[in-house]
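Working notes, structure below.
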Amino acid sequence: MKLQNFHVESADWSREDQRAALLDLRYTVFVQEQGVPEQRERDGLDGECWHVLARDEAGRPIGCGRLTPAHKIGRMAVSQEWRGRGVGVAMLRELIARARALGWPEVALDAQVGAIGFYEREGFVAHGAEFEDAGLAHRAMQLALPVDGGAAQPLRDTGALPAGTPGDTARARLQLLGEARHRLAIYLPLLGNDVYASEEELAELRRIAISGRSAQIRILLHDPASALHNDHRLIALAQRLSSAIQIRMPVEEADLNYASSFLLNDAGGYLFLPDAARAQGRAARHDRAGQAPLQQHFDEVWERAERASALQILDI
């Protein structure tokens, strides 16, 4: 199952990692590709702006934009390899939705002449003569925002969590375990001793497993024999709480070739690592829309999978 290959999120300029992602994108597009002087690109307004950041399915930044207090959209940039694939439109619509939510009657921008058609397709109207900015020809454009009860809403707060380093993913995993009530779904090609093995994680897993009649922890594991051989502590916990913790092994080749891992809880939270061998991905505390394709994929594979026979000696 192919997941959405990019998503758009709000970005917090005060966070060093997100600020660096925005500036790196803008440096590549504006300074390196278009020859805009770096001091011109850094105009000192960013701390007062509302920013959006697009990321690919591996969590890599691929686009950005901002909305200024002067009711202007700007700093729209998309990585070269992602242009023409809907990233710019998705970001622009989020910025417009934010402006509407703030009650602004209109929003403006200064478009590079070559991008006028892009903005016109979203309803912007060009006005005035061409002018030069940072050596590039521009025209001013404007979009009226009449009151509309059915207007799109701005980005929801999904409770995004950092997931760019091993430390980030470990903290995100523990937080999502702590916020689960009764149910978890865990997909792991391999169960290494660096995941689901700490005292804190095992305590949360045990809490969920004994939380009541509806408690259920489902685990899909490509190589349960390896986890058993390595005496992984989660296997021992599953032995003691076998009525609540179920482990299955995918058997179809397509499923066994799936290289990602993820954790889903029943509060709408998820942690997704596109490459299970690398602790870099994306996570959110309450994003059911983002969780839904992962949950669907898990349920489909679960139905095809078999009980982990390598663990039967433990009567799991």
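The values are calculated or read from the model by the stated rules, or taken from the named source; none is laboratory data. This is a predicted model, so every value here is computed, not measured. No Cβ is skipped: glycine too gets one built from the backbone with ideal geometry, and neighbour counts run over all protein chains shown.
What about His51, is it surrounded by 13 or more Cβ atoms within 10 Å (Cβ to Cβ), at pLDDT below 90 and either not assigned by TED's automatic domain parsing to the domain that holds Glu94 or not in a loop (DSSP other than H, G, I, E, B) (or both)?
No: the conditions fail for His51.
Quick check on Glu9: is it assigned to a helix (DSSP H, G or I), in contact (Cβ under 8 Å) with a residue 40 or more places away in the chain and more than 25 Å from Ala137 (Cβ to Cβ)?
no
With respect to the numbered conditions (1) touching a strand residue (DSSP E or B) at 6+ places or on another chain (Cβ under 6 Å); (2) closer than 24 Å to Glu41 by Cα; (3) exposed (fewer than 15 other Cβ atoms within 10 Å of the Cβ), which one is the sole condition not fulfilled by Ala134?
Ala134 satisfies all of (1) touching a strand residue (DSSP E or B) at 6+ places or on another chain (Cβ under 6 Å); (2) closer than 24 Å to Glu41 by Cα; (3) exposed (fewer than 15 other Cβ atoms within 10 Å of the Cβ) except (1).
Give me the helices (runs of 4 or more DSSP H) completely within segment 197-316, filtered to those with at least 2 residues that are among the polar types (S, T, N, Q) and in contact (Cβ under 8 Å) with a residue 12 or more places away in the chain, ordered by residue number.
288-304
Which residues, counting only those in segment 108-135, are closer than 26 Å to Glu38 by Cα and touching a helix residue (DSSP H, G or I) at 6+ places or on another chain (Cβ under 8 Å)?
Listed by number, the residues that qualify are Leu109, Ala111, Phe118, Tyr119, Glu130, Ala134.
With respect to Pro162, is the statement that it is buried (at least 19 other Cβ atoms within 10 Å of the Cβ), in contact with a helix residue (DSSP H, G or I) (Cβ under 8 Å, 6 or more places away or on another chain) and not charged (D, E, K, R) true?
Against the criterion (buried (at least 19 other Cβ atoms within 10 Å of the Cβ), in contact with a helix residue (DSSP H, G or I) (Cβ under 8 Å, 6 or more places away or on another chain) and not charged (D, E, K, R)), Pro162 does not qualify.
Take Arg288 and decide whether it is surrounded by fewer than 17 Cβ atoms within 10 Å (Cβ to Cβ) and either more than 30 Å from Gly164 (Cβ to Cβ) or of a type in the set (Gly, Ala, Ser) (or both).
The answer is no for Arg288.
Search segment 95-113 for residues being farther than 23 Å from Arg42 by Cβ and in a helix (DSSP H, G or I), and hand back the single one that is modelled with the lowest pLDDT.
Top of the filtered list is Ala101.
What number of residues in segment 208-239 are at pLDDT 95 or above and surrounded by fewer than 15 Cβ atoms within 10 Å (Cβ to Cβ)?
1
Against the conditions (1) closer than 30 Å to Glu253 by Cα; (2) of a type outside the set (Phe, Trp, Tyr); (3) at pLDDT 90 or above, where does Val36 fall short? Just the number, please.
Every condition holds for Val36 apart from (1).
Does Glu200 satisfy the criteria of being farther than 20 Å from Arg278 by Cα, loosely packed, with under 14 Cβ neighbours inside 10 Å and in contact with a Lys or Arg (Cβ under 8 Å, 6 or more places away or on another chain)?
In short, no.
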